[in-house]
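The values are calculated or read from the model by the stated rules, or taken from the named source; none is laboratory data. Everything numeric in this text was worked out from a predicted model, so none of it was measured. Positions of Cβ are backbone-derived with ideal geometry, glycine not excepted, and every protein chain shown enters the neighbour counts. With ligands, DNA and RNA removed, areas are computed over all heavy atoms of the protein, side chains included. Shrake-Rupley method; radii C 1.70, N 1.55, O 1.52, S 1.80 Å.
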Amino acid sequence: MYISDSTKLITNNAITSATKAMSSLFVVLLQNNICLNDPFRYLKIVAVLLLMTYTAFANAEIGIYDLRYTLNIDLNTKEGLDVAWDDVHAVSTLQGVVNRDAPRLYVYFVMEGNHDIDGYWWNKYRQKGEWLYGRETRTYQTMEDLFTAYTPYIEGVVVYDGNIASTSNVASSVAGIENLVAIRYDETPGSLYDRLVLHGPKLPVKRWLLNPDGTSMFTGKKGTKIPGTERYSTGSLKNDPYVWFIEKYMKTGKCNTEFAAYYIDQYWKQKPFATVRNHHTLCNHDFFVSKGAFFFDLSPWGDEPATDDPTQAVGTDLNTLKEMLLLAYRQNNNEKMCYIGGFPAWAYKYTMHASGSHDDVPTEWEFSRIISAYNAFKDADAIGYGALANASFWQHFPTKKQYTQNWISHKELRERGLLTADGKVNVDGRNFIIFYVGDYDASAWISQRTPSIWDDPNRGKLPLMWCISPVLAERVPHIMHNFRTTATENDYFAAADNGAGYIMPGMLQEPRESGLPSGLETWGKHCKKYYKKWGLSITGFVIDGHAPGLNKEGLDCYASFSPNGIVPQKIATALLHGNMPVIRADLDINDGDPKVAAKRIVERVKERSALPFHWFRNILKQPTWYCEVMNEVKAQDDSIVLLDAPAFFELLRIYLKEHGSVIE
């Protein structure tokens with residue numbers, strides 16, 4: 001487990017007192033061998049101490065700060081851009097430090113249309129009987145007041161270079177490791193640096209990512225050494241700061257390599273209107289700062305220079321990315337996966353949208369392919385709904401030990417007329433379909449779209465297979481809990497692509513492009529933990545993308561944690577692997593017009609006459625849409641039957657046993 005080098009995390013008086021009391025009592029227990037002589041008594045004492053700590057937490061004050069002013073500021077001016085960037089970055093890194101071991105600071109920032117997302121979740125859990133009920137709060141009106149109040153929790157500031165975009169990501173990395181806040185150097189009167197470092201609370205600068213006189217520390221000049229290291233420059237002003245971080249923090253073991261963050265750097269300020277204005281995703285930094293993670297924004301392509309650094313040698317970004325991933329792999333010792341938050345910022349960089357040669361989906365797949373070769377997966381905060389605030393706060397939400405789901409029995413299938421009396425699938429001229437209700441492989445997406453999708457009044461009228469990655473519980477456990485506690489009998493849960501995280505599992509199989517040994521055992525172990533807690537046994541979609549399809553070892557791996565079914569892209573039409581049913585992913589159906597969507601479903605069912613089971617993927621569709629689509633489907637072909645997930649996959653299993661284990 002990662003522990004920061006710094007120990008100066010001063011808590012409020014109540015928690016500090018409880019912690020000191022617990023520590024002192026533990027010493028007494030150990031000195032008197034109570035742990036060994038009377039383990040039951042020891043456990044009771046521990047329970048009491050934990051209750052004391054929880055009570056102290058319950059009485060602790062929560063700070064509130066509203067960052068939504070940054071969404072309304074004029075981004076056509078330098079001053080507006082600076083405020084929009086600097087304020088959110090500084091507050092997010094502050095949150096990451098102060099919320100690391102307890103939920104102390106909450107912000108309002110993310111808006112999805114007219115939905116106040118942070119207000120929505122706060123209000124839900126402020127209700128009587130909920131987690132935040134009765135907690136005292138204090139609202140801060142200015143940045144000066146906010147940072148002054150939380151000064152005891154931080155060591156100072158890491159100052160970064162506004163002229164070298166990548167230093168902002170390096171600053172977030174350093175902030176999490178050394179308990180600092182990230183602030184851009186700018187002596188202009190009224191700048192955040194002026195207000196918090198030169199004046200106001202006068203936060204001390206502990207780490208400079210430029211020279212103290214404001215000139216750039218990094219030069220990107222070939223043949224010169226990167227400052228403070230024995231490494232020679234990559235020739236890229238963008239990459240040298242990352243190499244500096246590698247030498248100073250990753251190779252020295254100071255960084256928590258179980259977590260990483262792939263978010264856009266200061267280059268955002270050059271194209272702030274490329275997509276929704278909150279997609280600088282600075283608000284997402286807090287969770288990864290709390291984990292002491294490493295941040296980066298690097299191109300996955302090895303056949304052209306990064307579009308934001310066109311003079312670099314081809315492949316420079318990719319080489320730096322691979323070096324970081326390999327160091328993470330080695331520190332994790334092929335025993336743990338690396339959790340990467342984020343997604344290629346395709347509207348800004350690395351694609352045809354930014355003068356590159358690759359389109360956005362191939363760029364998504366290439367990044368996934370590369371990271372998978374090093375035992376890393378992503379929590380895909382993709383453009384559109386990629387902003388997520390307060391994950392460092394919500395990570396402390398108390399979930400249940402386990403959330404269970406029931407599987408269907410053959411008796412129930414017979415009672416529903418889906419099995420004959422002798423146990424065979426009763427097709428009876430019907431075609432069975434299931435919807436992959438997605439894409440919920442991103443914490444940010446389920447946070448932003450719950451009000452408009454999950455809360456749809458027509459949810460529960462049809463059987464829907466909600467495919468949600470269980471690893472999202474790391475950042476948004478409160479949302480995962482909400483799904484389960486408000487689900488109807490028609491809401492069934494499966495894992496999203498590609499299990500407990502978005503990975504391309506073919507890149508875990510030997511031989512691997514990275515030259516590393518198989519990662520399948522590590523992936524299987526990782527997924528089992530989440531599948532067990534969340535009662536999952538189906539993986540609703542496996543994106544193979546540019547990676548190899550699953551071989552026998554890969555299928556064995558999935559059968560170990562997803563025994564009731566998987567849906568890969570590169571596979572036979574359907575097969576039975578051992579006792580695990582497998583069906584190939586088919587069409588995406590995302591037409592806004594239900595009649596058009598229904599027509600495509602009916603036509604595709606007729607085309608796939610070899611198998612009476614059909615899978616369709618849908619992205620961010622409301623339950624009302626599904627109801628309208630199925631009404632249209634029934635009007636066009638009443639032999640098509642929408643099944644719940646247990647019935648669909650159990651019938652598929654039985655069907656494959658009857659008709660041969662492979663249907664090409």
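General remarks:
- Top positive-direction residue, dipole computed over the chain with Cβ charges, set P594, N169, L611: L611
- Annotated for the range 374-463: lysine pairs at least 8 residues apart or interchain, Cα distance under 26 Å, count 4.
- The relative contact order of the range 516-588 comes to 29 percent, based on Cα pairs under 8 Å that sit 6 or more residues apart.
- Restraint check, K291/K529; K606/K657; K251/K336; K291/K525; K525/K552; K221/K248, Cα-Cα greater than 25 Å: none
- Farthest positive-ward along the range 69-148 dipole, Cα basis, beta-carbon charges - from M111, N123, V88: N123
- Using C-alpha pairs below 8 Å separated by at least 6 residues, the relative contact order for the range 526-664 is 24 percent.
- Ellipticity at 222 nm from helices only: DSSP H runs of n ≥ 4 in the chain, each -39500 (n - 2.57), divided by the residue count, give -10500 deg cm²/dmol.
- Listed residue (Y263, M217, L282) projecting farthest to the positive dipole end of the range 207-294, Cβ model: M217
- When you restrict to C-alpha pairs under 8 Å that are six or more residues apart and normalise by the size of the range 64-131, the relative contact order lands at 32 percent.
- Sorting 439-445, 573-579 by average packing, meaning the other beta carbons within 10 Å per residue, from highest down gives 439-445, 573-579.
- By a 1.4 Å probe calculation restricted to protein chains, K599 has an accessible surface near 110 Å², given to the nearest 10.
- For the range 463-563, accessible area per residue (1.4 Å probe, heavy atoms of protein chains only), Å²: 30 Å²
- Percent of Cα-Cα distances greater than 51 Å, calculated over the chain: 13 percent
- Gain on full stretching of the segment that runs from N114 to E553 - 0.36 nm per residue minus C-alpha separation: 153.3 nm
- Only the Cβ atoms of Lys and Arg (+1) and of Asp and Glu (-1) were treated as charged; on that basis the dipole of the chain about its Cα centre amounts to roughly 1740 debye.
- Heavy-atom surface of the range 155-303, accessible at 1.4 Å and reported per residue (Å²): 32 Å²
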